[in-house]
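Engineer: One structure, as structure tokens, below. Some questions next.
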Amino acid sequence: MEMELNKKNLGTIIGREKDEYPVKVLQFGEGNFLRGFVDWMIHRTNQKGLFNGSVRVVQPLENGLITMLNDQNGLYTLIRRGLFKGEVINDNEIITSIERGINPYTEYDDFIQSADLPELRFVVSNTTEAGIVYRGGESIDDKPQISYPGKLTAFLYRRFKTFNKSIDKGLIIIPCELIDRNGDNLKKIVYRLANEWILDKEFIQWLDNSCAFFNTLVDRIVTGYPRNEVEDLTKELGYKDNLLDSSEVFNLWVIEGDKKYSAELPLAETDGCNVIWTEDMTPYRTRKVRILNGIHTMMCLPAYLYGVETVGECLENKTVRRFIDKAVETEIIPSINFDKKELTEFAKDVMERFANPFIKHELLSISLNSVSKYKARVLPTVLEYIELNKKAPELLSFSLASLMHFYKEHGKDSSEVLEYFNRAYKDFNGTKESGEIFTKNIMSNLDFWGQDLALIKLFYKKVTHYFNEIESKGIKSVMESL
């Protein structure tokens, strides 16, 4: 029988006891991402002797992993696998930064009394995109409030009362949810609840003067519990870990906030954490959306039609790889207003991440809701390119034409989007003239693009050209010519 990973056995497994630090971070969310991202960074920074703080984890939903986490005394193993600077990385590390977990649905007093911890300074969260939402009907008296903002508001109010409005007991809130301006949105809901619950006016002043809500951008693929490999990994590790977590090697955390706080949370000083404090995260978000997400979206549909099935295969196929490289070098990077050297390095990192041999990312799974993805991730680059060059980009136009062909048989989207494509295809008979009508119908759809793209003549003509080329010559011939 394998040894269980817990505090009792830790000394036997790694040759030392678990470090005990004061709780400096309250974390809403016990899932794979935060454990493979924030908690790993704090662990690494503790190992350097730079932070010396632990994390208390709050389960945001009624059902979760807190019991399992506490059974292992907050311990778990992170396996990092991927390519880094051309080298294959495959390592594992027991993460010791979590003090314990709390389920506020069964341990509300423990949860709310955590606000009394004197050295608590930071709140981090990942409650999914649906977590930062206003929920009407909640009350300060609920035990607990259902929403994350509700719980956070009650928690902050408790701290305000416990420390008698002390200005130096405020908290720094750093959400990691994948929504734009996550800190601003969370702050707005907290203030709304404070007013609706008719909390002390001085509480609002305390929030203004003592607390801060930061916007963030997070980037790391955390693949989570490696279910299909557990038996082999358990033998390799020599102990049983029910909370095994796995991730890629790359990670990035951009925090939009006063850099003075970085001294209190010195993750940026720890090798490998890749934390950037900035006054404006917009360029970094643009870089990620336009390059990482943009490449995914612009390549996946033409590549699938070409006969490729995974992201890794895209990089191995010479034609698809040339298509991607040319789009990045000649159309995407030149259209982003950011340091070109940094953009090139970021794109290089992205391609290395795509080549990760440990992750099999199916193109069909990426293709879900490609219309809205093209609008958010690729279209801004197209419009910038046209503005700068007074002509339409060849490869990104071809990508949209490929999207139109993909939706003929393979589209995975809302029923409204699919029904619109089906109606448009009924009037398409394979001629160039009907191709022009078809592309105009698709590009004119305001619900798809937020504007009439057919009015941008350079773009409309280029997309129509490639749509008809694909129809008459086939996707392989056209992509190879590009």
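Engineer: Specify the inter-centroid distance of the stretch 359-378 and the stretch 226-302, based on alpha-carbon positions, in whole Å.
Structural biologist: About 20 Å separates the Cα centre of the stretch 359-378 from the one of the stretch 226-302.
Engineer: Here's something else I'd like to know. What dipole magnitude, in Debye to the nearest 20, does the stretch 283-481 give about its Cα centre under +1 on Lys/Arg Cβ and -1 on Asp/Glu Cβ? Provide the component values of the computation, followed by the final result.
Structural biologist: Details: 29 positive and 27 negative charges, 62 e Å.
Around 300 debye, computed over the stretch 283-481.
Engineer: Can you sort 365, 210 from fewest to most other Cβ atoms within 10 Å of each residue's own Cβ? Let's see the in-between values first.
Structural biologist: Numbers: 365 11, 210 19.
Lowest to highest Cβ neighbour count: 365, 210.
Engineer: Follow-up question, since we're still on this one. Equivalent ellipsoid semi-axes for the stretch 3-279, as square roots of 5 times the alpha carbon gyration tensor eigenvalues: give them largest first, rounded to whole Å.
Structural biologist: Values: eigenvalues 203, 82, 61 Å².
For the stretch 3-279, the ellipsoid semi-axes come out as 32, 20, 17 Å.
Engineer: Same structure again: Any aspartates and glutamates with Cα under 19 Å of the residue 476 Cα? List them, leaving off those in the same chain fewer than 8 positions away.
Structural biologist: Once the sequence-local aspartates and glutamates are set aside, what remains near residue 476 is 309, 313, 316, 325, 394, 409.
Engineer: Same structure again: For the chain, find the longest principal axis of its Cα atoms and tell me its angle to the long axis of helix 38-47, 0 to 90°, nearest 10.
Structural biologist: Rounded to the nearest ten degrees, it is 50.
Engineer: On the Cα set of the stretch 182-310, report Rg and Dmax in Å, please.
Structural biologist: For the stretch 182-310, the Cα radius of gyration and maximum Cα-Cα distance read 21.0, 63 Å.
Engineer: Another question, then. With an 8 Å Cα cut-off and a minimum separation of 6 or more residues, compute the relative contact order for the stretch 283-481 in percent.
Structural biologist: Values: 226 pairs, mean separation 49.2, N = 199.
After rounding, I find 25 percent.
Engineer: Based only on Cα atoms, what mean projected area does the convex hull of the chain have, in nm²?
Structural biologist: Working: hull surface 99.2 nm².
Convex hull of Cα atoms, orientation-averaged projection: 24.8 nm².
Engineer: Test of understanding: ordering 5, 186 by Cβ neighbours within 10 Å, fewest first, what list do you get? Don't jump to the answer; show the numbers that get you there.
Structural biologist: On the way: 5 23, 186 27.
The most exposed by this proxy come first: 5, 186.
Engineer: Could you list 291, 366, 276 so that the one with the fewest beta carbons within 10 Å of its beta carbon is first and the one with the most is last? Please report the intermediate quantities before stating the final value.
Structural biologist: Details: 291 24, 366 21, 276 15.
Listing 291, 366, 276 from fewest to most nearby Cβ atoms yields 276, 366, 291.
Engineer: Another question about this same structure. Could you give the size of the charge dipole of the stretch 175-265 about its Cα centre, using +1 on the Cβ of each K and R and -1 on the Cβ of each D and E, expressed in debye and rounded to the nearest 20? Show your work: numbers first, answer last.
Structural biologist: Values: 11 positive and 18 negative charges, 52 e Å.
For this selection, approximately 260 debye.
Engineer: Loop-only GluC sites (Glu not before Pro) in the stretch 1-78, please: DSSP not H, G, I, E or B, and at most 11 other Cβ atoms within 10 Å. Write down the numbers at each step before the final one.
Structural biologist: Working: sites: 2, 4, 17, 20, 30, 62; in loops: 2, 17, 20, 30, 62.
For GluC sites (Glu not before Pro) across the stretch 1-78 that sit outside H, G, I, E and B with at most 11 neighbouring Cβ atoms in 10 Å, the list reads 2, 17, 20, 62.
Engineer: From the helices alone, meaning DSSP H stretches of at least four residues, give me the mean residue ellipticity at 222 nm for the chain, per-run term -39500 (n - 2.57), in deg cm²/dmol to the nearest 500.
Structural biologist: Values: 23 runs with 224 residues, N = 482.
Result for the chain, helices only: -13500 deg cm²/dmol.
Engineer: If one computes P(r) from the Cα atoms of the stretch 283-481, what percent of pairs lie at distances over 25 Å?
Structural biologist: Details: 6210 of 19701 pairs.
Roughly 32 percent, rounded to a whole number.
Engineer: Using only alpha carbon pairs under 8 Å that are at least six residues apart, calculate the relative contact order of the chain and give it in whole percent.
Structural biologist: On the way: 789 pairs, mean separation 60.4, N = 482.
That works out to 13 percent.
Engineer: List the trypsin sites (Lys or Arg not before Pro) in the stretch 74-144 that DSSP assigns to loop (not H, G, I, E or B) and whose Cβ has at most 12 other Cβ atoms within 10 Å. Which are they? Write down the numbers at each step before the final one.
Structural biologist: Details: sites: 80, 81, 85, 100, 121, 135; in loops: 85, 121, 135.
Those that pass, being in a loop and sparsely packed, are 85.
Engineer: Going down the list 187/348; 340/440; 375/461; 373/457; 288/360; 85/390, which pairs span over 29 Å between their C-alpha atoms? Mind showing how you got there, number by number?
Structural biologist: Working: 187/348 36 Å; 340/440 35 Å; 375/461 18 Å; 373/457 22 Å; 288/360 21 Å; 85/390 37 Å.
Over 29 Å apart, Cα to Cα: 187/348; 340/440; 85/390.
Since every read-out is calculated from the coordinates, none of them should be taken as a lab result. Just so we're clear, the structure is a prediction, and the values are computed from it rather than from any experiment. Cβ: placed from backbone, ideal geometry, glycine included. Neighbour counts: every protein chain shown.
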